[in-house]
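To start, the structure under review is shown below, and the notes come after it.
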Amino acid sequence: MIRSNLIRFAAVLGVTVAGCKAVEGPARTHSAPAPAIETGWHLYRSETHRFSISLPVKWSVFDLESDADMSAMTKLGATDKDVKAALASASGVPNAAVVAIDMGPEAGKLRPTLAIAHRTGLSMGAFDEDAVRRYKLGIQTSLQPNASLSKAEKIGLPIGAAIFSRVDFESKEPSGNLVTESYFIPNSDETYIFRFACSEANEPALSQIFRRVVDSLRLR
């Protein structure tokens, strides 16, 4: 149930963008120098979607437009039902281009995941102080009863301003409640959405890692 609610929430993010005015947001390509890759991390670059990020080495990355990567995802899911559920949730995000999953042995049943969605030809409109209000309204009116928006705020990233949001999902499953942390990043007439998901119990340790991943984002 939690996995399907995650997909519904991801759809809300897409609706939030699509319902906005066709006014270009800030252009931030080449807006920051490339960061140094941390020890124990690796660089992932998407030529198709024109971005690069750094991730911990234990995170496996899959390009949803690559036949080889899709085949690898299928094989992983066939051998581990928890990995299969995590990948299905992440790849179910509308307009998802890339998914990543923590394959470390300590990840647990609710494996941390990242879904990166890329939408072109759309913008959230002028990225002003009212942008957060529009963003919050779009999410709050569409969340399922077991989900609540606990935070939505404008933040600064190395490449420029973005919106950060946090949603809590209540669950009666043994694996416990789930949390998503999303970063909404406009770039001219396109948007990038980074949606991280993990168990509520593991979020304190993972939240800083999620932010470091997004801080490493560069657009080309």
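Since every read-out is calculated from the coordinates, none of them should be taken as a lab result. Just so it is clear, the model here is predicted, and its values are computed rather than measured. Because the Cβ atoms are built from the backbone with ideal geometry, glycine has one as well, and the counts that use them run over all protein chains shown.
Summarising the amide proton neighbourhood of Met103: residues at separation of 5 or more, or on other chains, whose placed amide H is nearer than 5 Å comprise Trp59, Ser60.
Amide H contacts of Ala97 (H built 1.01 Å from N, in plane; Pro and chain starts excluded): Ile116, Ala117, His118 sit under 5 Å, all sequence-distant by 5 or more or on other chains. Per-residue extension of 0.36 nm, minus the Cα-Cα distance of Lys84 and Glu200, leaves a gain of 39.8 nm for this segment.
Sorting 188-196, 209-217 by their mean Cβ neighbour count within 10 Å, with the most densely packed peptide first, gives 188-196, 209-217. Between amide H atoms placed 1.01 Å from N, distances below 5 Å from Ser171 occur with Asn177, Leu178, all of them 5 or more places distant or on a separate chain.
Shown in residue order for the stretch 189-202 are the 3J(HN,Hα) couplings computed by the Karplus curve 6.51 cos²θ - 1.76 cosθ + 1.60 at θ = phi - 60°: 9, 9, 9, 10, 10, 9, 10, 8, 9, 7, 6, 4, 5, 8 Hz (x for Gly and Pro).
Across the stretch 203-220, computed HN-Hα scalar couplings (Karplus, 6.51 cos²θ - 1.76 cosθ + 1.60, θ = phi - 60°) run 4, x, 7, 8, 4, 5, 5, 4, 5, 5, 4, 5, 4, 7, 4, 9, 10, 10 Hz from first to last residue, x flagging Gly and Pro. Here the Karplus curve 6.51 cos²θ - 1.76 cosθ + 1.60, taken at θ = phi - 60°, turns the phi angles of the stretch 85-96 into couplings of 5, 5, 5, 5, 5, 5, 6, x, 5, x, 6, 4 Hz, with x standing for Gly and Pro. Take the Cβ atoms of Ser148 and Ile209, set R0 to 25 Å, and the FRET efficiency comes out at 0.60. Projected label points at Ala34 and Asp67, each 7 Å from Cα along the beta carbon direction, are separated by 3.0 nanometres.
A DSSP coil position with no more than 10 other Cβ atoms inside 10 Å describes the following GluC sites (Glu not before Pro) in the stretch 31-115: Glu47, Glu106.
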